[in-house]
Amino acid sequence: MHQIIRGAGLRSDSMTLGAGSNGGPDLSCARLDNGLEIVVIPDRRVPVVTHMVWYKNGSADDPLGQSGIAHFLEHLMFKGTERHPAGEFSKVVSALGGQENAFTSFDYTAYFQRVAPQHLQRMMEFEADRMSGLNFDDSVVAPERDVVLEERRMRVETDPSAQLSEAMAASLFIHHPYGIPIIGWMHEIETLDRKNALDYYRRFYSPDNAILVVAGDVEAAEVVRLAEGTYGRNAPHGDRSARRRPREPDPRASRIVSVADPKVEQETLHRLYLVPSTRTADGLEAHALEVLTELLGGGPTSHLYRTLVMDGGRAVNAGAWYMGSAIDETRFAVYAVPAEGVTPAELEADLDRAVASCLSTVSDEAIERAKTRLIAETIYSLDSQSSLARIYGSALAVGETLDDVRRWPEDIRAVTREKLAEVAQRYLVARRSVTGYLLKESSC
């Protein structure tokens, strides 16, 4: 039963969503007058609360020539405000026995803390302050930029697997910014400065471009009251920071990318396909791709593992994944690790046959088991308070609705063999793919 929550600064469309037919949590949602969305997820098993702020901007919104600015600004958000000097927020969280962190994705940036419920207001005060009061000078910019550059050197420049991943993404997305690494290109990170960061901050960091998600031992009305007294003081920007992204053209040619390096210990075959996301898919396409991922690569009982590893002996591992939660067209991946004496190029034909034969060989019972595993894994993840907050926060940040999340198990169950065959024939085709070889190069 829906119940209207009324309070200072609340719009009249605020409501409590009762638990759905799928047994999900008893959610509450509201919107402040300044545009801030609020989602409250009660979880009273332990006296802990997870407080998350999601901004609807990510690396795919970086201005041209400033790749990595969203991630760089995430670092600078810890450098203090006019009211609180650098490090104070983190010291308070630590002193309270809490945890904190932040992360940047292609479509969103999020900041979170986990503390005892009585400290929620203080977390809101700090987070609301840096939503509008970020203040740092040039003295912190260069050292923090060096931190990001070192992060890139450690994670990418010295890792052949990461280099292949970047090259494959750049080949799959020839026009869309999903082909640019979240951390940014090295030569562009080197040029990022204080003005770039503050311009980006003023564009996106606004209550009407943010979602507050609070999960834990809390009451919805109290969370909204605290939010009004903290976040409610921040003025909205008004334009809601519209995203302007180029559309990826329909691919016409398959591509092959390879990286060879003496540091490679295990050669690997990777394949990416350009496919719809939850936001761009028609009907149940995205849900069918999720089920297809489970069928193809969901562990040791999956089709790829059975075909390439257990039966064929051509690989020692194989799997699949799908990055479905995205605003624009996204990636579907399959991979295989060759057995001794088999090269990635030789394994590619086996992988192609395995992908093509999946739906002609798996039984109806296997399809139903794949659906059951997917739904069960999601239900199990709801046991984690932080997972609860992330599932709903990330979905809302890319433009999905609470109903989309709550209806997901029903949509997964509704996927048919015919729908699976349709998406496989339409999207898992050579012209929509990039194949990557990770090779060991002799050091001699």
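The values are calculated or read from the model by the stated rules, or taken from the named source; none is laboratory data. Predicted model, so just to flag it, every value in this text is computed and none were measured. So basically every Cβ, Gly included, is an ideal-geometry build from the backbone, and we count neighbours across all protein chains shown. SASA here: full protein model, heavy atoms, side chains in, ligands and nucleic acids out. Shrake-Rupley method; radii C 1.70, N 1.55, O 1.52, S 1.80 Å.
Here Gly179 meets each of (1) open to solvent by less than 10 Å² (accessible area, probe 1.4 Å); (2) without any contact (Cβ under 8 Å) to a residue 40 or more places away in the chain; (3) closer than 25 Å to Met131 by Cα with one exception, condition (3).
So which residues in segment 242-274 are within 29 Å of Tyr305 (Cα to Cα) and not in a strand (DSSP E or B), if there are any at all? Give the derivation first.
Filtering segment 242-274 down to residues within 29 Å of Tyr305 (Cα to Cα) leaves 251, 253-274.
Within segment 242-274, Pro251, Ala253, Ser254, Pro262, Lys263, Val264, Glu265, Gln266, Glu267 meet the criteria.
In segment 403-414, the residues that are touching a residue at least 12 places away in the same chain (Cβ under 8 Å) reach residues that are of a type in the set (Ser, Thr, Tyr) with C-beta atoms within less than 7 angstrom, at least six apart or across chains, in these pairs: Val405/Tyr392.
For segment 337-420, which fully contained helices (runs of 4 or more DSSP H) count at least 1 residues that are open to solvent by 30 Å² or more (accessible area, probe 1.4 Å) and among the acidic types (Asp, Glu)?
Numbers: elements: 344-361, 364-381, 385-397, 402-413.
Correct list: 344-361, 364-381, 402-413.
Looking only at segment 249-280, which residues are surrounded by fewer than 19 Cβ atoms within 10 Å (Cβ to Cβ) and within 22 Å of the chain's Cα centre (by Cα)? Arg279, Thr280 - these are the residues of segment 249-280 that are surrounded by fewer than 19 Cβ atoms within 10 Å (Cβ to Cβ) and within 22 Å of the chain's Cα centre (by Cα).
For Ala215, the requirement of being surrounded by 17 or more Cβ atoms within 10 Å (Cβ to Cβ), out of contact with any Gly (no Cβ under 8 Å at 6 or more places or on another chain) and within 30 Å of Asp383 (Cα to Cα) is met. Would you confirm whether or not segment 283-303 contains a residue that is buried (at least 20 other Cβ atoms within 10 Å of the Cβ), touching an Asp or Glu at 6+ places or on another chain (Cβ under 8 Å) and either among the β-branched types (Val, Ile, Thr) or not in a helix (DSSP H, G or I) (or both)? Yes, that holds for at least one residue.
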